[in-house]
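Here's the structure, in structure tokens; my notes come after.
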Amino acid sequence: MLYGLFMDGTLAVRSMTGADVDDFVRGECEQGWQSTPSKLLMRLEHEGAGKCVTLTAQLGEEAAGYVFVYPDSPWGAFGGMGLPEIMDFAVLEKFRRRGVGSALMDTAERIAALYSDTVYLGVGLHSGYGAAQRMYVKRGYVPDGSGVWYRNAVAEPYAPVENDDDLVLYLSKRLR
């Protein structure tokens with residue numbers, strides 16, 4: 001499904017396909033990320049089961065980034081409350097600063113608004129998430145107040161945690 005054309009038709013946001021998985025895994029490994037097909041294949045399965053919407057940004061002929069929207073997410077600070085969650089936002093480094101991330105987030109928020117007036121997401125806390133952290137703040141996302149989460153649970157004060165991809169802060173945004 002095509003969700004939108006941007007930048008004179010050279011940037012499109014569409015549903016993810018199985019062919020995109022290998023392109024993203026290859027691109028992420030080339031830039032030094034730890035990447036396997038399992039996460040993306042799981043998201044495609046979830047879409048097939050009606051649990052999420054997959055989004056891929058295509059710049060020209062290349063898959064440039066992705067994000068997923070779970071209309072009624074069971075995870076995180078707002079899990080099970082009937083609110084949509086935006087998950088796994090990623091733009092390959094060679095496509096950054098070209099409108100790809102904004103197009104993906106605009107589309108994800110438009111889809112989330114079909115289900116609720118509020119959307120949420122979790123963002124990692126290490127420096128690799130710095131660009132996403134800045135973008136979310138600029139887009140109006142605010143911390144939910146539950147504190148830092150580690151491995152899908154609130155991290156108790158002074159509890160030992162690792163500054164890895166499982167250390168996140170949840171943010172939310174009013175859409176209307």
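The values are calculated or read from the model by the stated rules, or taken from the named source; none is laboratory data. Nothing here was measured: the structure is a model prediction, and the numbers come from that model. FYI the Cβ positions are ideal-geometry reconstructions off the backbone, even for glycines, and counts take in every protein chain you see.
For segment 155-162, does any single residue satisfy the condition of being touching a residue at least 24 places away in the same chain (Cβ under 8 Å) and surrounded by 12 or more Cβ atoms within 10 Å (Cβ to Cβ)? Working first, answer last.
Going residue by residue through segment 155-162, those that are touching a residue at least 24 places away in the same chain (Cβ under 8 Å) are none.
The answer is no, given that none of the residues of segment 155-162 is touching a residue at least 24 places away in the same chain (Cβ under 8 Å) and surrounded by 12 or more Cβ atoms within 10 Å (Cβ to Cβ).
Between Arg139, Arg97, Arg134, Arg110, which is among the basic types (Lys, Arg) and at positive phi?
Arg97
Would you confirm whether any residue within segment 90-98 is without any contact (Cβ under 8 Å) to a residue 40 or more places away in the chain, under 27 Å from Gly140 (Cβ atoms) and aliphatic (A, V, I, L, M)?
Within segment 90-98, one or more residues are without any contact (Cβ under 8 Å) to a residue 40 or more places away in the chain, under 27 Å from Gly140 (Cβ atoms) and aliphatic (A, V, I, L, M).
Being within 19 Å of Gly80 (Cα to Cα) and modelled with pLDDT under 95 is the filter here; which residues of segment 90-133 pass it?
Residues satisfying the conditions do not exist here.
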